[in-house]
Amino acid sequence: MKKIKLGIIGCGIAARELHYPAIKKLSNKFEIAAVCNHTEKKAIEFSKLVGNVPYYIDYKDLLKNSDIEAVDITLPIELNYKVARDSINAGKHIFLEKPLAANLNDAKKLIEVSKKTGVVCFLAENYRYDELYLKIKSIIEKNIIGKVYSVIWNVFNNLTLKDKYAQTKWRQKNKYPGGFIFDGGVHNVAALRFLFGEFKSGYAIKKSVNPAIGSDDTFSFNFEFENGINGVLNIYFSVRGFYKNELYVFGDKGSLIISNNTIQIINQDGKIKTVKVITDGGFINEFNDFYQAIVNGKKFINTFEEGYNDIKVLLKALKNSEKRNLIKY
Ligand code: NAP
């Protein structure tokens, strides 16, 4: 089996804790050939962890290495455009962590560059590959809860500077709108689009309760999909004292309550069937699809265009929340 020689650009939390475990499981498909981090200490540490591979301080030097066929980009969001663009121009296949870019302008430019190339441009939005959302989608498609008419998603996080993500400087001084709402909320939007289709309109309100973790951290979005399903997405990162992530889906024959990778299917008589989903968050599935796209030319769901549509929903909602206007998509 062909092994793809992969360079990893950015040796932080996502590279170490989310991507590396998945790549290790796919060691028949990927070989980490080099890593890059602008601070040498982290580059050396990560290089040691993944097998003493060569490391670079400047990503442009990694891109000059002709052995490397593909790059996995896990960088601060504001660098996504520049580094992905340069990687595409260097002829590397791209696996780019979400969100696609820090703003719609950069995202558009990136799509233009991606269209002019033969390389695979894969947007790493793991929720579309997560067994949990695949299972929810299949329950809805089998009509088990009937026609869906409404959805409510409450994401309540108790995030302080003790959290490893909140400790990253680029999140504290975010150079993109929305702070954690954009960084984290793009997953929820991607999952909602995956499950229920395209957004049609909405209203949003945002707040910054704890600016130390970056701005913003509190967001309430009331929306309607093109197919008439309505919903609310509450993303609160500065809730004190507890954590809860609960998705409710209401159909005319039953309901779903999803929390902690567990789906409760409730019928109209109140009978509950519980389905526990085992998932790694979708990382192995998405690396597998990236591999199939490179080696066999397989079509994949996580295109840069999908990534553009995810961030468009959120960026428009964040912008309109200032004026409290009706958002039209
Ligand atoms: P992180 O821990 O700060 O990692 C980013 C790394 O990039 C850091 O090691 C940083 O080094 C390095 N870096 C910064 N500028 C660089 C440059 N010019 N050249 C080379 N390296 C540079 O952040 P993270 O949490 O891993 O997030 C990275 C990306 O992954 C973001 O896009 C985020 O949205 C995404 N992410 C996705 C998920 C998911 O569930 N899919 C989860 C977490 C993160 P220093 O720290 O030394 O500055």
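Residue separation of residue 323 and residue 227 scaled by 0.36 nm, minus their Cα-Cα distance, works out to 32.0 nm of gained length.
Give me the distance between the Cα centres of region 272-329 and region 134-181, rounded to whole Å. Computed from Cα coordinates, the inter-centre distance equals 11 Å.
Measuring r between the beta carbons of residue 207 and residue 31 and using R0 = 45 Å, the FRET efficiency lands at 0.45. Amide hydrogen proximity for residue 200: with H placed 1.01 Å from N in the peptide plane, the residues at 5 or more positions away or on another chain lying under 5 Å are 224, 225, 226.
Taking a ≥ b ≥ c as the square roots of the eigenvalues of the alpha-carbon gyration tensor, the chain is classed prolate because a/c is 1.5 or more and a/b outweighs b/c. Projecting the Cα atoms of 211, 177, 196 onto the dipole axis of region 165-233, where Lys and Arg carry +1 and Asp and Glu carry -1 at the beta carbon, places 211 farthest toward the positive end.
Going by a ≥ b ≥ c, the root eigenvalues of the Cα gyration tensor, does region 83-221 fall in the rounded group (a/c under 1.5), the prolate group (a/b larger than b/c) or the oblate group? Note, shape of region 83-221 comes out oblate. Here the relative contact order of the chain, from alpha carbon pairs under 8 Å that lie six or more residues apart, stands at 19 percent. Among 318, 134, the ranking by other beta carbons within 10 Å of each residue's beta carbon, starting with the fewest, stands as 134, 318. Can you classify region 180-329 as rounded, prolate or oblate using the Cα gyration tensor, where a ≥ b ≥ c are the square roots of its eigenvalues, rounded means a/c under 1.5, and otherwise it's prolate if a/b beats b/c and oblate if not? Judged from the Cα gyration tensor, region 180-329 comes out rounded (a/c under 1.5). When region 250-329 is described by a simple charge dipole with +1 on each Lys and Arg Cβ and -1 on each Asp and Glu Cβ, the residue from 327, 290, 272 located farthest towards its positive end is 327.
For region 35-76, the equivalent ellipsoid derived from the alpha-carbon gyration tensor has semi-axes of 16, 12, 10 Å in decreasing order. Pairs of Cα atoms in region 1-158 fall into 5 Å distance bins, from 0 up to the last occupied one, in shares of 2, 8, 16, 19, 17, 13, 10, 7, 5, 2, 1, 0 percent. Evaluated with a Cβ-only charge set (Lys, Arg +1; Asp, Glu -1), the chain carries a dipole of roughly 180 debye about its Cα centre, given to the nearest 20. DSSP assigns beta bridges within the chain; of those with both partners inside it, close to 60 percent run antiparallel. Think of it as helices only: each DSSP H run of n ≥ 4 in the chain is worth -39500 (n - 2.57), and spread over all residues that comes to -10000 deg cm²/dmol at 222 nm.
The relative contact order of region 247-292, computed from alpha carbon pairs under 8 Å that lie at least 6 residues apart in sequence, is 23 percent.
Ranked by the mean number of other Cβ atoms within 10 Å per residue, highest first, peptides 284-294, 122-132, 299-309, 141-151 order as 122-132, 284-294, 299-309, 141-151. So, R0 is 25 Å and r is the distance between the beta-carbons of residue 64 and residue 117; what FRET efficiency does that work out to, to 0.05? With R0 = 25 Å, the Cβ-Cβ based efficiency is 0.90.
At a Cα cut-off below 20 Å, give the lysines reachable from residue 276, other chains included and same-chain residues fewer than 8 away excluded. Of all the lysines, those that pass the test against residue 276 - Cα under 20 Å, at least 8 places apart if same chain - are 135, 137, 142, 244.
Every read-out reported here was derived from the displayed coordinates using simple, explicitly stated rules and does not represent laboratory data. The structure presented is a predicted model; accordingly, all values stated were derived computationally and were not measured. All Cβ positions, glycine included, derive from the backbone under ideal geometry; neighbour counts span all protein chains shown.
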